[in-house]
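Asker: One structure, pasted below without further comment.
Read the figures in this text as sums done on the coordinates, not as results from a lab. These figures come from a predicted structure and were not determined experimentally. As a convention, Cβ positions derive from the backbone with ideal geometry for all residues, glycine included, and neighbour counts pool all protein chains shown.
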Ligand SMILES: C[S@@+](CC[C@H](N)C(=O)[O-])C[C@H]1O[C@@H](n2cnc3c(N)ncnc32)[C@H](O)[C@@H]1O
């Protein structure tokens, strides 16, 4: 199943759910390698910064929501947390090489008991969710009061010069690399386009607040090309 329409349009609703799941199933064997390449190795630092945003929890059980192949699970375990991963792509879960318990499930209906977690992290998946408010609601449900939420995702720099550089890389070079190394040019055309799903960061922060979070903070990294959103379960 194609993830983009004939005219390059992004899918919506159930069509998005199925297309995104199928796309990650296909990408899974080459996903980690492509990630390092297209982020120029910087994704490791971005993930560490996201784990830093959980620091007030001081250990505990942390969900890696939309864990994919489990990169964040590894970072969490290395910092003394007990991670669990959930993702809806069977292909991504099968490609994960981690000791962490992993479950197949949807972010909008988590297979996890209420108030049972100390933290929820989410890497590069917010823009892939169909029902973002339902996902934020589920994050609030599974966290204990005082538990922490931290998510990072790709975004577009507001500075014109940096935005132009970002476009050259993500809309020019990345689809080409996706064709040659990732063997799926369409998926790597979807990647830069999919930032359009994310609302402006102020709205995103407000929606996290409405879901039941306080102390909501947002920051950008690497010239505004990555967004870090965090909050505390109220
Ligand atoms: C760009 S990958 C990120 C994987 C991993 N978090 C990382 O940092 O490398 C996005 C992941 O979100 C997952 N995903 C998208 N929508 C989902 C949903 N509704 N429920 C669960 N997982 C979802 C995909 O299967 C995919 O593994």
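Asker: With an 8 Å Cα cut-off and a minimum separation of 6 or more residues, compute the relative contact order for region 1-106 in percent. Let's see the in-between values first.
Answerer: Details: 136 pairs, mean separation 24.3, N = 106.
About 23 percent, as a whole number.
Asker: For region 22-82, what's the relative contact order in percent, using C-alpha pairs closer than 8 Å and at least 6 residues apart?
Answerer: Details: 29 pairs, mean separation 19.0, N = 61.
31 percent.
Asker: Here is a further query. If I model a spin label as a point 7 Å beyond the Cα along the Cα-Cβ vector, how far apart are those points for residue 202 and residue 78 in nm?
Answerer: Those two pseudo-labels are separated by 3.7 nm.
Asker: Taking the beta-carbon count within 10 Å as an exposure proxy, list 7, 184 from fewest neighbours to most.
Answerer: Numbers: 7 5, 184 18.
Fewest to most other Cβ atoms nearby, the residues stand as 7, 184.
Asker: For the chain, evaluate the Debye formula with one uniform point scatterer on each Cα (no solvent term) and list log10 I(q)/I(0) at q = 0.07, 0.11, 0.13, 0.14 Å⁻¹, rounded to two decimals.
Answerer: -0.20, -0.51, -0.74, -0.87
Asker: I would also like to ask the following. Report, in whole Å, the centroid distance computed from the Cα atoms of region 101-150 and region 1-43.
Answerer: Rounded to whole Å, the Cα centres lie 21 Å apart.
Asker: When the helices in the chain are scored as -39500 (n - 2.57) per DSSP H run of 4 or longer and the sum is shared across all residues, what 222 nm value do you end up with, to the nearest 500 deg cm²/dmol? Spell out each step's value before the answer.
Answerer: Details: 9 runs with 95 residues, N = 234.
Result for the chain: -12000 deg cm²/dmol, rounded to the nearest 500.
Asker: Exposure proxy check: 37, 112 ranked by fewest other beta carbons within 10 Å?
Answerer: Values: 37 16, 112 20.
Placing the least packed residue first, the sequence is 37, 112.
Asker: Let me ask you something else. What are the semi-axes of the equivalent ellipsoid of region 36-95, taken as the square roots of 5 times the eigenvalues of the Cα gyration tensor, listed largest first and rounded to whole Å?
Answerer: Details: eigenvalues 75, 55, 12 Å².
Its equivalent ellipsoid spans semi-axes of 19, 17, 8 Å.
Asker: Moving on to the next point. Please give the peptides 75-85, 159-169, 132-142 ranked by average Cβ packing (other Cβ atoms within 10 Å per residue), highest first, as a rough proxy for protection. If you can, show how the numbers build up before the last one.
Answerer: Working: 75-85: 19.0, 159-169: 12.8, 132-142: 20.7.
Final packing ranking: 132-142, 75-85, 159-169.
Asker: Now, a different point. Over region 64-193, what is the mean sequence separation of C-alpha contacts under 8 Å (at least six apart), divided by residue count, expressed as relative contact order in percent? Write down the numbers at each step before the final one.
Answerer: Values: 182 pairs, mean separation 23.3, N = 130.
That works out to 18 percent.
Asker: Using every Cα-Cα pair within region 73-182, state what percent have a distance larger than 20 Å.
Answerer: Working: 3207 of 5995 pairs.
Value for region 73-182 (Cα pairs over 20 Å): 53 percent.
Asker: Oh, and also: Among 50, 100, which comes first, then next, by fewest other beta-carbon atoms within 10 Å?
Answerer: Numbers: 50 24, 100 17.
Going from sparsest to densest Cβ surroundings: 100, 50.
Asker: Would you compute, for the Cα atoms of region 2-60, the largest minus smallest coordinate along each principal axis and list the three values in descending order, in whole Å?
Answerer: 46, 26, 20
Asker: Can you give the alpha-carbon Rg of region 146-227 over 2.2 N^0.38 Å, where N counts its residues?
Answerer: Values: Rg = 15.1 Å, N = 82, 2.2 N^0.38 = 11.7 Å.
With N residues counted in region 146-227, Rg over 2.2 N^0.38 Å equals 1.29.
Asker: When a/c is below 1.5 the answer is rounded, else prolate if a/b is larger than b/c, else oblate, so apply that to region 106-153 with a ≥ b ≥ c taken from the square roots of the Cα gyration tensor eigenvalues. Mind showing how you got there, number by number?
Answerer: Numbers: a/c = 2.25, a/b = 1.38, b/c = 1.63.
Oblate is the answer for region 106-153, as a/c is 1.5 or above yet b/c matches or exceeds a/b.
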